[in-house]
1. Just the residues that are within 14 Å of chain A (Cβ to nearest Cβ) and crowded, with 16+ Cβ neighbours inside 10 Å, please, taken from region B:24-49.
2. Specify the residue that is surrounded by the fewest Cβ atoms within 10 Å (Cβ to Cβ); the eligible residues are those in region B:267-287 that are among the hydrophobic types (A, V, I, L, M, F, W, C) and at the interface with chain A (Cβ under 9 Å from one of its Cβ atoms).
3. For residues that are within 14 Å of chain A (Cβ to nearest Cβ), in a helix (DSSP H, G or I) and under 17 Å from the mean Cα position of the chain (by Cα), tally how many sit in region B:131-141.
4. Quick test for you: out of A:Ala144, A:Ala186, A:Ala174, pick the one residue that is away from chain B (no Cβ under 14 Å), closer than 21 Å to A:Gln316 by Cβ and outside any strand (DSSP E or B).
5. With the structure loaded, tell me whether B:His227 is at pLDDT 95 or above and over 28 Å from B:Phe366 (Cβ atoms) or whether it fails that test.
6. Being in a helix (DSSP H, G or I), touching a residue at least 60 places away in the same chain (Cβ under 8 Å) and away from chain A (no Cβ under 14 Å), is that true of even one residue in region B:340-362?
7. Which one is surrounded by the most Cβ atoms within 10 Å (Cβ to Cβ), of the residues in region B:203-251 that are more than 9 Å from chain A (Cβ to nearest Cβ) and among the charged types (D, E, K, R)?
8. Looking only at residues in region A:253-266 that are surrounded by 15 or more Cβ atoms within 10 Å (Cβ to Cβ) and within 8 Å of another protein chain (Cβ to nearest Cβ), which one is farthest from the chain's Cα centre (by Cα)?
Protein chains: 2
Amino acid sequence: MIMLFFMEQNISTEIQDEGCAAVVNLGRDVPLRLDSGEEISSFDVAYKCWGELNEDKSNVVLVCHALTGDHYVRGINPITGKRGWWETMVGPDKPVDTNRYYVICINVLGSCAGTVGPASINPVTGQLYGLDFPVITIGDMVRAQAMLLDYLSIDSLFAVIGGSMGGMQTLQWAADYPERVKTCVAIATTWRHSAQNIAFHEVGRQAIMADVNWNHGRYLDGEDKPHAGLAVARMAAHITYMSESGLTSRFGRNLQDRDEVAFGFDADFQIESYLRHQGISFVDRFDANSYLYITRAMDYYDLSADYDGVLANAFQGTKTRFCLLSFTSDWLYTTVESRHIVRSLNAIGARVSFADIEMDKGHDSFLLECPDMDAVVRGFLQSEADAMEVQLP
Amino acid sequence: MIMLFFMEQNISTEIQDEGCAAVVNLGRDVPLRLDSGEEISSFDVAYKCWGELNEDKSNVVLVCHALTGDHYVRGINPITGKRGWWETMVGPDKPVDTNRYYVICINVLGSCAGTVGPASINPVTGQLYGLDFPVITIGDMVRAQAMLLDYLSIDSLFAVIGGSMGGMQTLQWAADYPERVKTCVAIATTWRHSAQNIAFHEVGRQAIMADVNWNHGRYLDGEDKPHAGLAVARMAAHITYMSESGLTSRFGRNLQDRDEVAFGFDADFQIESYLRHQGISFVDRFDANSYLYITRAMDYYDLSADYDGVLANAFQGTKTRFCLLSFTSDWLYTTVESRHIVRSLNAIGARVSFADIEMDKGHDSFLLECPDMDAVVRGFLQSEADAMEVQLP
């Protein structure tokens, strides 16, 4: 299979830039054991990759995606028809340079873009999983990714990189597979979900479950989907992705297509129209049950919990080199949280770089054009790759 | 009617402490003209009062309530069976001392605790208003309050005081009726709703309107109410009333009645259980359409808009003495916003006191036990009352 990739990738630069997508069925012999104690066997994992593996397989970069993301980092996303979600970061001559690195991104467990999730068929029953899908954790997502890399005979990762929930996975990777992770780039993230983080997710879940069409998760074979509830969940979450100042400078109290307020409940303000659009467009590309499962995994995330509440112990003896980035206007996973991770790593003498990037766009900054972030990531990866003598493919 | 109050209030201290409640029907001769251009006539206004009017009627304090509040400031609230919402602030020997001041609180226009709102009967049609109720503004609420005070022959207010939406009303009072307002105490409030404020309200409204039981506002005569949507709206709003640090110190990641997470979608965490309770208990005391109307009024609030965008111009020439209070942990209506109001008042030479109170409970701090807030309000009112020689009743 890997050979097939290489052949495909050699066809033309264009195809190389767009990457190669594949779905692999895993766990047929040895099932994936989840943190809940449950197991899943014979499950699909979808991924995409760009660039070429070098001779000693030392140039692999694993990109971890966020809550509603997918493995379509670059190129046209076949689900949305839009460009990939991190083309500013990953690609030829980008900070994660596909001329140098072999980049892979794997759709997370529980999601709905190809990897098994609640919208998949349960091989045991032949029925759609729905709420029969087991509740998963960030650790489970990472374990599934490791299974795929085993399958692809990739032992070592030059870098694991991700923002938000992607950042949580990078830290989990560094904690669970220290020998496999050479460098870890965790952006706009946290080491545990706070009460406020959980609260916002719980609002979203309640909005979905309050939708009569949700029907206790059994909506998948019917016509009516819990789109209204999912849209509300997305709207609530989306506010947390943006900063107050960013919202003010972008929308303020500007009216939408009118000179005066209409004294009604239509979208008078641009911010209302924008949020409604965010909600409505989201439901076409995301499964409501997946939203429940992945937010649950994030709420369960507490990397210190397995280490007597001391985060530093999760990384004891690590040789991984860390790069932490936060954004000054991110109030979802704040600079204070990144600093806590940095201090924990300092406490055990781990090598860690940290940059708090001045940017007023809030949490979503990591997805946006951000030269400062790009420069930090580019510089960190380049110097580490040079130091480790990572060869070109 | 005023005489009746005085007689009742003389019966016993207990009754005086619990206050006297009344509902007055206004607008039968001259209707209330709304900012939308519509009019409402023959409408009920519910209010409650405590203390006694002094001889020259110079000791009246108008308390303005917040979004989901009502006029039950003290004593048992007949709707909820619980104590009033501001007993720490208003009462005998409290900062708003009912031994000295005659305190009145009026249920706002559009609400559902006795004053006319979308759950009331439209006198023109004999049917429930529902969405036929006109969209209102904070200015309309204040104008209705002024009509009631006219009816009660109260020309002058020693103080107007309120927090959150109550604070918006106090500023609107000072702008629209400068000659009637001697002092204005605005707590944890703003002069205009920001894009983020509007965004959170829009999520709440969309949650209500997404509930199939909402039925375009025509649920009032049926059995099924949009309780699920209203509960979600309340949950989303409630997060904005508390600070991240307050949530962390109160709930953190503590589990609810269990030692381990349950790997399911029940309320594993205390914060989830708490939020669900906030949502569920809210729907028993509040009307979903009222929630739409009052959040809309708040979103429309921009005191500077009628003054070429310059807030100071709203108070040009004012003789009112202002007291502004903010809380360090309030991220809904921040200290920065209170400072903007203070600076605007300074710019026109208005007399203004300002205190930014160190408190980690977020926006809701104004409703909680807060000795620093109490001391500021008590001191401000006392010194102003002494300076104006406000006599005891």
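The values are calculated or read from the model by the stated rules, or taken from the named source; none is laboratory data. The model shown is predicted, which means the values in this text are computed figures rather than measured ones. Positions of Cβ are backbone-derived with ideal geometry, glycine not excepted, and every protein chain shown enters the neighbour counts.
1. Answer for region B:24-49, where residues must be within 14 Å of chain A (Cβ to nearest Cβ) and crowded, with 16+ Cβ neighbours inside 10 Å: B:Leu34, B:Asp35, B:Ser36, B:Ile40.
2. From region B:267-287, those among the hydrophobic types (A, V, I, L, M, F, W, C) are B:267, B:269, B:271, B:275, B:280, B:282-283, B:286; that's our starting set.
Imposing the further condition that a residue be at the interface with chain A (Cβ under 9 Å from one of its Cβ atoms) reduces the set to B:267, B:269, B:271, B:275.
Working: B:Ala267: 20, B:Phe269: 23, B:Ile271: 27, B:Leu275: 29.
Once the filter is applied, the top-ranked residue is B:Ala267.
3. Within region B:131-141, the first condition is being within 14 Å of chain A (Cβ to nearest Cβ), and the residues that meet it are B:131-140.
With the extra rule that they be in a helix (DSSP H, G or I), the set shrinks to B:131-132, B:138-140.
Restricting the remaining residues to those that are under 17 Å from the mean Cα position of the chain (by Cα) gives B:138-140.
The number of residues fulfilling the criteria is 3.
4. Values: A:Ala144 fails: closer than 21 Å to A:Gln316 by Cβ; A:Ala186 fails: outside any strand (DSSP E or B).
When all the criteria are applied, what remains is A:Ala174.
5. Judged against the criteria, B:His227 is not a match.
6. Yes, region B:340-362 has at least one match.
7. Selected residue: B:Arg234.
8. A:Phe263
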